[in-house]
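Derivation of every value follows stated rules applied to the coordinates shown; laboratory data play no part. Being a predicted model, the structure only gives us computed values, none of them experimental. Glycine gets a Cβ as well: all are built from the backbone with ideal geometry, and neighbour counts include every protein chain shown.
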Amino acid sequence: MPLDSLFKKRIVLITGKGGVGRSLVTAALAKGAERRGVLPLVCDIGDDPEDYSPLARYFGRDRLPIAPDELAPGIRGVVLLARTGQELFLRTALHSSTLARAALGSDALRRLLSAGPSFREMGVFFQLLNYLKATRGNEPGAPPLYPLILVDMPATGHTLSA
């Protein structure tokens with residue numbers, strides 16, 4: 001697939017076995033997209049906002065930020081966290097940030113969300129969905145805030161929880 005057609009996609013998931021260079025490919029694609037005038041958002045999937053990120057290393061950092069931030073001119077980055085996505089979902093469903101934070105303050109609910117099948121993945125993908133839907137304005141047809149989202153996926157076999 002020619003790179004120009006790849007850069008016209010809204011989202012690209014970079015996956016593969018551990019140690020094959022997913023993070024390097026993600027960083028290279030981000031830099032190539034930026035050179036072609038496409039402003040990418042690079043994402044890593046994490047468990048803890050303080051975790052080391054191999055992808056962040058290519059931008060001179062130890063970890064990606066928890067909210068989209070500039071990593072290099074024209075390139076933004078963020079770590080996708082289950083808890084962030086779960087809070088976004090609860091805020092959307094409950095129509096209240098206060099209620100969402102209170103719900104996530106419940107030890108029982110936190111245990112359910114971390115142990116229940118697929119709740120972790122649902123949180124991560126809800127956060128990703130919010131970035132896909134974000135626009136540069138509120139008017140209909142506004143351009144996307146993140147025209148290209150590149151996701152450095154976990155190593156094959158680690159993408160889904162057991």
Study note, to complete from the structure: Contact order relative to length for the chain, counting C-alpha pairs under 8 Å separated by 6 or more residues, stands in percent at 32
Exercise for review: For region 1-129, build the charge dipole from Cβ charges (+1 Lys, Arg; -1 Asp, Glu) around the Cα centre, then report which of I75, Y52, L88 sits farthest towards its positive end.
Suggested key: I75
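Quick check: convex hull over the Cα atoms of the chain, volume per residue in Å³, rounded to an integer?
128
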Exercise for review: List the extent of the Cα atoms of region 4-65 along each of their three principal axes, largest first, rounded to whole Å.
Suggested key: 33, 24, 17
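For region 46-153, which GluC sites (Glu not before Pro) are both in a DSSP coil and crowded by at most 10 other Cβ atoms within 10 Å?
Within region 46-153, the qualifying GluC sites (Glu not before Pro) (loop, at most 10 other Cβ atoms within 10 Å) are E50.
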Review point. Taking springs between alpha-carbon atoms closer than 10 angstrom, which of V20, V151, V79 fluctuates most in the Gaussian network model of the chain?
Key: V20
Check your understanding: What is the gain in length, in nm to one decimal, between R61 and L132 on full extension, counting 0.36 nm per residue of separation less the C-alpha to C-alpha distance?
Key -> 23.1 nm
Review point. What trypsin sites (Lys or Arg not before Pro) in region 94-160 are in a loop by DSSP, with at most 14 other Cβ atoms within 10 Å of the Cβ?
Key: R136
Exercise for review: Could you give the size of the charge dipole of the chain about its Cα centre, using +1 on the Cβ of each K and R and -1 on the Cβ of each D and E, expressed in debye and rounded to the nearest 20?
Suggested key: 340
Practice item. Just subtract the alpha-carbon distance of L109 and V25 from 0.36 nm times their residue separation and send over the number in nm, one decimal. Key: 26.5 nm
